[in-house]
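This report refers to the structure that appears directly beneath it.
Every number in this text was worked out from the coordinates using simple rules, so none of it is lab data. A quick note: this is a predicted structure, and the numbers were derived from the prediction, not measured. Ideal geometry is used to build each Cβ from the backbone, glycine not excepted, and the neighbour counts take in all protein chains shown.
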Amino acid sequence: MATRDHTASGDEITPAPRTLTDGAPLLPYWSFTKTVIAICALRLAEDGKIDLDEPLGEERFTVRQLLNHMSGLPDYGTLPAYHQAVQDDEEPWLRGDLLAAAMAQGMRFAPGRGWSYLNIGYMLARERVEEAAGQASRRWSGR
């Protein structure tokens, strides 16, 4: 378990929020943002800027399958090393490292042939939404 810093009077010191290398605040995309990502994808589809049923690049899965947790991709939630890093209050894993560790587990099922809750799917969907909106985010791979 991570240690916490305290003032001389015993009050816990609140650590500064984590930021990107340029000082911009790091905004996590936990489950509560999945709804926002899905809404943005649907609006972009409505505007003709994204095709929900087109495979992403060289991949076999689509944005719709990512949003519906039906892509078949593995997730990092089953990785003991990930859970240990969270427990130890380590810095968040770089995007590339997180994706590589999860993908090393292999596909869970063929896209569209099953359902499994998937955080990585929403990371990929978010990236596609940002690309289609012309708002590509700063990738964490360079951090």
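The stretch between S31 and W115 holds 28.6 nm of extra length on full extension. This uses 0.36 nm per residue minus the Cα-Cα distance.
Fully extending the segment from D88 to D47, taken as 0.36 nm per residue of separation minus the present Cα-Cα distance, adds 10.4 nm.
Between E58 and M107, the distance separating the two model label sites (each 7 Å from Cα on the Cα→Cβ line) works out to 1.5 nm. Take every Cα pair under 8 Å whose residues are at least 6 apart in sequence, average their separation, divide by the length of segment 31-142, and the relative contact order is 35 percent.
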